[in-house]
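Each remark here refers to the structure printed beneath this line.
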Amino acid sequence: MGKILFVSRDFENTCDGGAVVARQHWEYVIQLSEGNAEKLFIPKSSHGSLLRNLILGKGYGETPELMKRFREMAAKADIVWVDGSLYGGIVREASRMGKKVVCFYHNIEANYYGAKAALAHNPADRLMAHFAKSNEKKSTRFATTRLLLNERDNAEMQRIYGVKADFIQPISFKAVPKEKIELKIDREMKPYLLFVGSRFFANEEGIDWFLEKVMPSVNPDIDFRIVGTICDYLRDRELPTNVHLEGKVEHLTPWYANAMAVVSPIFTGSGMKTKTIEALRFGRRVLGTKEAFVGLSPEMLSDIGAYCRTAADFIDEINSLPVDNRVHNPSYRLFLEKFSELAVYKDLKDFWDRSFPDK
């Protein structure tokens, strides 16, 4: 089995959705290479370095020191897995070195940063949108193999860059045994609605809308708990007494395990929503918008919760929920069949063996 160099953002010291997904990909790379793998982290860029690299036509995080280190490590690898389409300079350099290059697209970044710029009306975001598209174009041109999260992103990549995905690889997690979830259920605790998210523009937009349009009409006896750094955005807000900001937590398991449902009022984005798949992982119902369910087929939605098109849909679904925190078997079963590590890895390994038979 050939050696794989895994290039990504630092997933060891961050815990947002992208880092969680990158960590799972590293586990897949270890399995695919039978342990013959190394990783190289791309440091987070400052605004100054982003502007410099934009002007110079370089990739995200690219510095002379980083590229020297990359060449040294790539020289010993057969395949380079670049976990993100923002690293166009890395993808191009690996191609120039004659390496097979796998690029995983967490989003169609041209769309993601374009949407952010449209919402924020910030000149820096407009520059970042241009920078993202420029790098993603390089990644798409020079990658040997392109992995995407869903068919929506595949259609967008074909529209923007004229290239289609080689493999659709959805978000996945290690399965948590049902018995372990049940052990975390506190029978003395009142079940609640749950929102989990980091502080970024799509979560801010969604939580603002939900608090304004939905919560005033929700049964006041139903608690709403918000977990993650999105709470920093809400700290100075005057909130209803049944809305609780829990902040950043060390372990998500007990928060999911005791929720009656997870709400995902997300309107903007690309890729898939980590919070949706996490909710299924813990056997939770999901009430979400269209964007929250990208990557799931309509047939999958019938038993796991509800697709809510309007505030009234959310209100009706929430007020009619069973107030319990038992494992919702249809959600848990769907996770095991479609989004568990074992299910996704099986398909990935079959694809890998066909694509790299000599590696």
Item to check | Pairs where the first residue, in region 335-357, is part of a strand (DSSP E or B) and the second is of a type outside the set (Val, Ile, Thr), C-beta under 9 Å, 6+ apart | outcome: 340/172; 340/173; 340/174; 340/175; 340/281
Item to check | Selection count, region 160-188, where residues are touching a helix residue (DSSP H, G or I) at 6+ places or on another chain (Cβ under 7 Å) and part of a helix (DSSP H, G or I) | outcome: 4
Checklist entry - List, please: which pairs have Cβ atoms under 6 Å, are six or more places apart or on different chains, and start with a residue in region 305-326 that is crowded, with 20+ Cβ neighbours inside 10 Å and end with one that is assigned to a loop (DSSP other than H, G, I, E, B)? => result 305/285; 314/214; 314/308; 318/218; 325/185; 325/191; 325/258
Checklist entry - In region 1-39, what residues are among the aromatic types (Phe, Trp, Tyr) and in contact with a helix residue (DSSP H, G or I) (Cβ under 8 Å, 6 or more places away or on another chain)? => result 6, 11, 28
Checklist entry - Going through region 37-79 one residue at a time, which ones are open to solvent by 80 Å² or more (accessible area, probe 1.4 Å), in contact with a Leu (Cβ under 9 Å, 6 or more places away or on another chain) and within 17 Å of residue 2 (Cα to Cα)? => result 76
Next on the checklist: Every residue in region 272-304 that is surrounded by fewer than 19 Cβ atoms within 10 Å (Cβ to Cβ), in contact with a helix residue (DSSP H, G or I) (Cβ under 8 Å, 6 or more places away or on another chain) and of a type in the set (D, E, K, R), please.
Outcome noted: 303
Item to check | Residue list for region 186-211, restricted to those being open to solvent by 30 Å² or more (accessible area, probe 1.4 Å) and farther than 15 Å from residue 242 by Cβ | outcome: 186, 187, 188, 198, 199, 200, 204, 205, 208, 209
Checklist entry - In region 245-270, what count of residues is obtained for those that are buried (at least 20 other Cβ atoms within 10 Å of the Cβ), small (Gly, Ala, Ser) and within 12 Å of residue 227 (Cβ to Cβ)? => result 1
Checklist entry - Restricted to region 121-130, and to residues that are of a type in the set (A, V, I, L, M) and over 21 Å from the mean Cα position of the chain (by Cα), which residue is modelled with the highest pLDDT? => result 127
Checklist outcome for this item: Picked from region 80-112 (must be of a type in the set (D, E, K, R) and under 24 Å from residue 30 (Cβ atoms)), the residue surrounded by the fewest Cβ atoms within 10 Å (Cβ to Cβ) is 99
Checklist entry - Taking the stated definitions as given, is residue 331 of a type in the set (Ser, Thr, Tyr), touching a residue at least 40 places away in the same chain (Cβ under 8 Å) and either open to solvent by less than 10 Å² (accessible area, probe 1.4 Å) or farther than 24 Å from residue 18 by Cβ (or both)? => result yes
Checklist outcome for this item: Of those in region 1-33 that are modelled with pLDDT under 95, part of a loop (DSSP other than H, G, I, E, B) and open to solvent by less than 60 Å² (accessible area, probe 1.4 Å), the residue farthest from residue 72 (Cα to Cα) is 16
Checklist outcome for this item: Within region 131-151, restricting to residues that are part of a loop (DSSP other than H, G, I, E, B) and within 19 Å of the chain's Cα centre (by Cα), the one that is farthest from residue 100 (Cα to Cα) is 150
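The values are calculated or read from the model by the stated rules, or taken from the named source; none is laboratory data. Predicted model, so just to flag it, every value in this text is computed and none were measured. Here Cβ is always computed from backbone atoms with ideal geometry, including for glycine, and neighbour counts include all displayed protein chains. The accessibility values were calculated without ligands, DNA or RNA, using every heavy atom of the protein model including side chains. Shrake-Rupley method; radii C 1.70, N 1.55, O 1.52, S 1.80 Å.
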